[in-house]
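Notes follow once the structure below has been shown.
No value in this document is a laboratory result; all are computed from the given coordinates. All values derive from a computational prediction rather than experimental measurement. Virtual Cβ from ideal backbone geometry, glycine too; neighbours counted across all protein chains shown.
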Amino acid sequence: CDYVQKAEEDAGTSMGLLFSSIAADRAEKSVQEEENLQHLHCPKSDGSVPPSPSKIEMFRSCLSPYADRGATELRKAAWGSLDPNGNGIVSLAELDAWILRECTT
């Protein structure tokens with residue numbers, strides 16, 4: 001595949017131009033993604049950037065208080081906001097909205 005791609009690009013064919021365009025788009029997207037992630041890291045006093053927690057670590061730390069044995073009242077309050085219509089059933093959309101509210105504020 002790489003050989004064919006290089007040959008098409010070197011020959012300047014329409015397929016080669018398409019390959020070049022795709023490669024340029026991927027490179028640009030990669031740079032943009034890296035730049036987007038940079039603002040999430042706060043530099044330390046020495047200028048280095050600490051590693052960011054993974055999404056699963058952030059999710060776990062957000063929801064871990066609800067797992068404590070003594071958190072019954074916290075869970076009851078959470079259920080009340082999870083089930084706003086009081087029917088005892090929580091839809092995936094309601095759960096998703098609650099998790100986003102809890103973990104992004």
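Observations on the model:
- R0 of 35 Å, Cβ-Cβ distance Arg69-Ser91: FRET efficiency to nearest 0.05: 0.80
- Estimated FRET transfer efficiency when R0 is 41 angstrom, pair Phe59-Ala23 (beta carbons, to 0.05): 0.75
- In Å, descending, principal axis extents of the Cα set of region 66-105: 27, 25, 13
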